[in-house]
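Report on the structure given below.
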Amino acid sequence: MTTFKLNHRPVSVNVDEDTPLLWVIRDEIGLKGTKFGCGIGMCGACTVHIDGRAVRSCITPLRTVADATVTTIEGLDPNGQHPLQKAWIETQAPQCGYCQSGQIMQAATLLKDFPDPTDKDIDAVMGGSLCRCMAYIRIRRAIKLAAAEMRGTHG
């Protein structure tokens, strides 16, 4: 039995501890916002936060989150009102949308580290989050818009 906090709530799952966290979140707990992309931690579609840091859940064994705090896109803001979520909509960042929950989760840790990110900061941190639709310009714009809102300079 592995116990951890998921989106501010304690959960316990009776699953092999080598099971990737992605499948525990999707198949055992039933949250579908975190997506399967490549399965080798290279594309970023499965990004969640573990103790506040962006992590690829497809390559993270369940045993590594025992007693940790895990946040998925559903827990970033339960009402979908996180500045990044609002900026994504305002800038129409998603095209197909498949990678966007991972993009947003990666961007959330970017803004913790770089509250006023430059293009170079965004490229460096977001470089491992792939978008097959090539929406990178809109994603960058959304990140900057959210950063401005979080600093109180939006609008």
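The values are calculated or read from the model by the stated rules, or taken from the named source; none is laboratory data. What you are looking at is a predicted structure, and each value in this text was computed from that prediction instead of being measured. Note: areas computed on protein heavy atoms with side chains; ligands, DNA, RNA excluded. Shrake-Rupley method; radii C 1.70, N 1.55, O 1.52, S 1.80 Å.
Within the range 112-122, the set of residues being open to solvent by 10 Å² or more (accessible area, probe 1.4 Å) and part of a helix (DSSP H, G or I) comprises Lys112, Asp113, Asp119, Lys120, Asp121. Among the residues of the range 26-76, those identified as open to solvent by 20 Å² or more (accessible area, probe 1.4 Å), assigned to a loop (DSSP other than H, G, I, E, B) and aliphatic (A, V, I, L, M) are Leu31, Ile40, Met42, Ala66. In the range 132-155, the qualifying residues are those that are assigned to a helix (DSSP H, G or I) and small (Gly, Ala, Ser), and the one that is farthest from Asp116 (Cα to Cα) is Ala142.
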